[in-house]
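Heads up, the thing below is written out as structure tokens.
The values are calculated or read from the model by the stated rules, or taken from the named source; none is laboratory data. Quick caveat, the model's predicted, so the values are computed rather than measured. Reconstructed Cβ throughout: ideal geometry from the backbone, glycine too, with neighbour counts over all protein chains shown.
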């Protein structure tokens, strides 16, 4: 479990993180989202002792990270995949890390296999592509077989197969009861991977909720109905809090009413229904609505 309690970090007169509190539960993938400059990376750095909080505290498995006797076996961290000795081969980089904790060489070979680095294990890390560098960073995080994983943008630069592998791996890690904190700007991937979402904006927590609950709270549910008497049905369900649109004859998109209510109304008036479906918004839509006023670096809309 990872716990942040009233975590604050100031750099001069700039407050990067402002009273942030959240808990990352074991057995779940917790997505960590926010616009650029929201304070995500600074928060992650404070969790693993790379930045000292101005105030507040963080713990991993009930302890300050800096108090862990063998941190690689407790917490696997990927914050910067480029943080490697560029002159070392991938295998020697991992072996050097393993030697600091008495991790056997067999585990080095194991994580090389897990992350698909066999063909480049003997090559210098400085020659790696972005995707191969990410795989090496993930291998480093897995080296000590830790119970907690903190991964900042782990799919950056990966091909589709690699992205799918990361998704399946973190889901499997959570299913094993591990604690997973995952940061990404790829909303479609986060929607398929995360159980719980924490959103930061301008250094503060904007949301801390299960994925499904967050999407429901910040998007609109739309009921689509197809009927030969769509016009009659529209008149029956119309109301001050109901928005009805139709771009195809015989098809209505209704916001503000559940499929059950629409279906019951149609049945009560003998109106045949050929289709009745409900769609919710996406995580991306919820995220954009939630962070609209917290984006520090905005681009201009294309005319």
>> Against the condition more than 30 Å from residue 15 (Cβ to Cβ) and free of Cβ contacts under 8 Å to residues at least 12 places away in the same chain, how does residue 292 come out, does it pass?
In response: no
> In segment 75-112, how many are closer than 19 Å to residue 154 by Cβ, in contact (Cβ under 8 Å) with a residue 40 or more places away in the chain and not in a loop (DSSP other than H, G, I, E, B)?
Replying inline: 8
> Of the numbered conditions (1) within 27 Å of residue 59 (Cβ to Cβ); (2) more than 21 Å from the chain's Cα centre (by Cα), residue 113 satisfies every one except a single condition; which is it?
Replying inline: (1)
> Any idea which of (1) more than 30 Å from residue 123 (Cα to Cα); (2) buried (at least 18 other Cβ atoms within 10 Å of the Cβ); (3) modelled with pLDDT of 95 or more is the one residue 38 doesn't satisfy?
Replying inline: (3)
>> Can you find, within segment 117-148, the residue that is surrounded by the fewest Cβ atoms within 10 Å (Cβ to Cβ) among those that are in contact with a helix residue (DSSP H, G or I) (Cβ under 6 Å, 6 or more places away or on another chain) and outside any helix (DSSP H, G or I)?
In response: 121
>> Suppose the filter is in the same structural domain as residue 125 (by TED's automatic domain parsing), at pLDDT 95 or above and surrounded by fewer than 16 Cβ atoms within 10 Å (Cβ to Cβ); does residue 54 pass it?
In response: yes
> Within the bounds of segment 26-34, is there any residue that is at pLDDT 95 or above, on the phi > 0 side of the Ramachandran plot and part of a strand (DSSP E or B)?
Replying inline: no
> Residues of segment 10-32 being over 12 Å from residue 202 (Cα atoms) and within 19 Å of the chain's Cα centre (by Cα), which ones?
Replying inline: 21, 22, 23, 24, 25, 26, 27, 28, 29, 30, 31, 32
> Is it the case that segment 61-68 has a residue that's in a helix (DSSP H, G or I), within 24 Å of residue 200 (Cβ to Cβ) and in contact with a helix residue (DSSP H, G or I) (Cβ under 9 Å, 6 or more places away or on another chain)?
Replying inline: yes
>> Please pick out the residue among 49, 37 that is assigned by TED's automatic domain parsing to the domain that holds residue 137, without any contact (Cβ under 8 Å) to a residue 24 or more places away in the chain and part of a loop (DSSP other than H, G, I, E, B).
In response: 49
> Pick from 155, 166: which is touching a strand residue (DSSP E or B) at 6+ places or on another chain (Cβ under 9 Å), free of Cβ contacts under 8 Å to residues at least 40 places away in the same chain and crowded, with 20+ Cβ neighbours inside 10 Å?
Replying inline: 166
